[in-house]
Amino acid sequence: MFRRKKKDEPTDQPTAPEVAPESTEAAGAETTRAEASDAEAAVTETPAAMSEPTEAAGSTETAADKAAVKPKSGRGNRVQKIGIVMSDKMQKTVIVRVDRTVLHQRYRRYVRRTSKFMAHDDLGSTTGDRVRIVETRPLSAKKRWRVVEIVQKAAK
C-alpha cells in the first residue's frame, strides 16, 4: 500500500552536468578575467539595487527577512505545553503530565502518548490542575520547565 523510497532511486531534481577540467592555461586565464569583470559589475550594481524600495518589486518581505526578525524580548520563542499536574508532593516542584496524539506509522490510527515533566511552581498548583508550562534554563538535575499559569483548577 505505502512504499518507502530507496536511497538508490533517482530523485526528481535534475543534477548538474559535470564539466571536464580545461587543460590549457590560456582558457583558464580567460575565464578568470571574465569572472573578475562580472564581479566588478555586480559590485557596482549592488548599491543601486539596494537603494530601490522593495515595494516596487511587488513583495514587501521575503521568507528570509521574516526569519531574520528577532523578537523584542531577546529570549526567543520558548516552547509551551499544557498538561495536568500529577504530583505536588515536593516543595515548589510539580510533575506535569502532557498528553499528545501521534499518527501510528503502520496502522494509520492516532495513538495517545504521555510525557512527564518536572516543573518549578511558584503559583501553588495542586494535583489535578491544568497548567501551562514553559521551557527554561536547568533549575536542577531534572527540572527544566516552569509553571506560567493555572489554566483550570481541579474540581474538588
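Derivation of every value follows stated rules applied to the coordinates shown; laboratory data play no part. Everything quoted here is computed from the prediction, not taken from an experiment. So basically every Cβ, Gly included, is an ideal-geometry build from the backbone, and we count neighbours across all protein chains shown.
Miscellaneous remarks
- Label-point separation, residue 79 to residue 97 (7 Å along Cα→Cβ), nm: 2.0
- Charged neighbours of residue 80, selected by a Cβ distance under 9 Å, balance to +2 (K, R count +1; D, E count -1).
- Under the simplified labelling scheme, the residue 130-residue 149 pair shows an inter-label distance of 1.3 nm, with each label point 7 Å from Cα along Cα→Cβ.
- Full-stretch length increase - residue 87, residue 104 - with 0.36 nm per residue and alpha-carbon distance subtracted: 3.2 nm
- Taking the number of Cβ atoms within 10 Å of each Cβ as an exposure proxy, the fewest-first ranking of 129, 122 is 122, 129.
- Pairwise FRET efficiency - residue 115 versus residue 139, Cβ, R0 = 25 Å, nearest 0.05: 0.90
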